[in-house]
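Visitor: One structure is given below, represented as C-alpha cells, and several questions about it will come after.
Since every read-out is calculated from the coordinates, none of them should be taken as a lab result. Owing to the predicted nature of the structure, the values given are computational and were not obtained by experimental measurement. Cβ sites come from the backbone with ideal geometry, for glycine too, and all protein chains shown count toward neighbours.
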Amino acid sequence: MNNSLLRWLWIFLPAVLLAGCGIYSFTGASVDPNARTINVHFFENRAPIVNPTLAQKFTEALRNKILNQTHLTQVNSDSVDYDISGAITGYTVTTSGVTNVEQGATDRLTITVNVVFKDNLNPKKNFTQSFSRFADFPANQSIDQVADKLITQINDQLTDDIFNKAFSNW
C-alpha cells in the first residue's frame with residue numbers, strides 16, 4: 001500500500017470513527033446519543049422596538065443551526081428530548097462612535113434574546129440566559145437600509161452562542 005495513503009488512513013479513520021460514535025462531532029456539538037428530538041419554539045418579539053421580520057428570521061436561524069449540526073429532529077410537541085423557548089427582548093439602535101465634530105460616525109444595532117433550554121435527558125444542563133450581540137453600521141445610513149444584513153449577521157452570532165451553550169462543553 002502506498003505510504004501517503006497509509007498515512008491518510010491513520011489520520012482520517014480515527015476521526016471518522018469518533019464522529020460516528022455520537023460522542024464527538026466536527027461542529028463541536030456534544031449531543032446525547034440517545035437524544036432524537038428537539039422543539040425550538042417560535043421566539044416572540046417582545047422588544048420595545050419591533051422589527052416585523054426579526055422573530056421569524058431568528059427562530060428559523062436557530063432551528064436551522066441545530067438541525068444542520070446535530071442528528072436531532074424538530075418536533076412540535078412537549079414530549080421531546082430538548083426544548084428551547086424564549087423571546088426577543090431587545091432591539092436597540094445607539095450611537096457607538098463620534099467624529100471630532102461631535103457628529104455620529106457609527107451606529108450600533110443590538111439584539112438581545114432570552115433563552116430557556118430544557119434537557120429532558122439530563123436536567124442538570126437546563127439553563128435560562130440572555131444572549132446579546134451587536135453590529136455597527138455607518139451613521140449616514142438609516143437602520144431601514146441596513147437592517148436585513150445586520151439581522152442576518154447578528155442572528156448568526158446569537159445562534160452560535162446559544163448552540164455552544166446548549167450543546168458544547170466549552
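Visitor: Suppose each label sits 7 Å from its Cα in the direction of the beta carbon; what would the Thr128-Ile143 distance come out to in nanometres?
Guide: That separation, rounded to one decimal, is 2.7 nm.
Visitor: So what are the range 35-167's ellipsoid semi-axes, whole angstrom, largest first, if each one is the square root of 5 times an eigenvalue of the alpha-carbon gyration tensor?
Guide: One finds semi-axes of 33, 13, 12 Å for the range 35-167.
Visitor: Additional query: Once you place label points 7 Å from the Cα toward the Cβ at Ser30 and Asp160, how far apart are they in nm?
Guide: A separation of 2.0 nm, rounded to one decimal place.
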